[in-house]
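Encoded as structure tokens, the structure appears first; notes follow it.
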Amino acid sequence: MITKTVSGVEEACQGVKDDMTLMLGGFGLCGIPENAISQLVALNIKGLTCISNNAGVDDFGLGLLLQKHQIKKMISSYVGENAEFERQMLSGELEVELIPQGTLAQRCRAAQSGIPAFYTPAGYGTEVAEGKESREFHGKMHIMERAFEADFAFVKAWKGDTAGNLIFKGTARNFNPNMCGAAAITVAEVEELVPAGELDPNEVHIPGILVQRIFKGERYEKRIEQRTVRSK
């Protein structure tokens, strides 16, 4: 069986260059590829277009790339809790494409499936539809959205095997599965890496055919974006 395992995050990020388009899984700080992001920061790669639901917080996750002005454009659903993201967007330093969250997920899924474009009613009649083809289906107007075209997809899974099969845990399943196979190269970092054949096939969320590189992350902070506790 072909192994997809690489020695670590350094080898996993080989080939990433300036001005590339990257997909990054996660929702806020949940299920983000922490090790890969840290390596991208260390590589000091510039002019990136990043496709991610949001940019996390100022001092963690994609916020670290924003702090060093390594991101040229963000394609996201919302600004979220990142004040620096908001500042750069309002000042014109950062190009931002805000799209409906479901459309973001579907554009990833379309790329994963090899579907070049699709029609959706989301955003019709708003700024989202400007410059896009529209068409009526069953008496309702839809706009055409194109599948993403990305160079790398970086995803985070709970467990994986050397063949690239992945299992996600809880809400970290968010955008990660949709981004697997949606770029030219998919890199998966996992908390636990086991030999091929050890995972129960019935529990696998993403088959290894959609992953090109896999490695075991060294450490994970797993920060909580907003902690809410119940009063006694």
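The values are calculated or read from the model by the stated rules, or taken from the named source; none is laboratory data. Bear in mind the structure is a predicted one, so any value in this text is a computation, not a measurement. Glycine gets a Cβ as well: all are built from the backbone with ideal geometry, and neighbour counts include every protein chain shown. For accessibility, only protein heavy atoms count, side chains too; no ligands or nucleic acids. Shrake-Rupley method; radii C 1.70, N 1.55, O 1.52, S 1.80 Å.
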Residue check, R223 against (1) open to solvent by 70 Å² or more (accessible area, probe 1.4 Å); (2) more than 24 Å from the chain's Cα centre (by Cα), all met but one. Which one?
(2)
Check whether at least one residue in the stretch 30-47 is exposed (fewer than 15 other Cβ atoms within 10 Å of the Cβ) and either at pLDDT below 95 or under 23 Å from A111 (Cβ atoms) (or both), and report yes or no.
yes
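Residue-by-condition table, conditions (1) in contact with a Gly (Cβ under 8 Å, 6 or more places away or on another chain); (2) aromatic (F, W, Y):
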{"site": "F154", "(1), (2)": "yes, yes"}
{"site": "A163", "(1), (2)": "yes, no"}
{"site": "L166", "(1), (2)": "yes, no"}
{"site": "P195", "(1), (2)": "no, no"}
{"site": "I209", "(1), (2)": "yes, no"}
{"site": "G217", "(1), (2)": "no, no"}
Is there any pair with a first residue in the stretch 11-22 that is touching a residue at least 12 places away in the same chain (Cβ under 8 Å) and in a loop (DSSP other than H, G, I, E, B) and a second that is open to solvent by less than 40 Å² (accessible area, probe 1.4 Å) and among the aromatic types (F, W, Y) whose Cβ atoms are under 8 Å apart and which are 6 or more apart or on different chains, and what are they?
G15/F152; V16/F152; M20/F152
Among (1) charged (D, E, K, R); (2) closer than 27 Å to E225 by Cβ; (3) exposed (fewer than 13 other Cβ atoms within 10 Å of the Cβ), where does K72 come up short?
(3)
Scan L104, L98, L66, L62 and give me the residue that is open to solvent by 70 Å² or more (accessible area, probe 1.4 Å) and under 20 Å from the mean Cα position of the chain (by Cα).
L98
Give the residue, chosen from F118, F175, F85, that is in contact with a helix residue (DSSP H, G or I) (Cβ under 8 Å, 6 or more places away or on another chain), open to solvent by less than 40 Å² (accessible area, probe 1.4 Å) and over 23 Å from V16 (Cβ atoms).
F118
Could you figure out which of (1) open to solvent by 20 Å² or more (accessible area, probe 1.4 Å); (2) within 23 Å of I37 (Cβ to Cβ); (3) of a type outside the set (S, T, Y) isn't true of A153?
(1)
Please verify whether the stretch 192-199 includes one or more residues that are open to solvent by 20 Å² or more (accessible area, probe 1.4 Å), of a type in the set (G, A, S) and either at pLDDT below 95 or in a loop (DSSP other than H, G, I, E, B) (or both).
yes
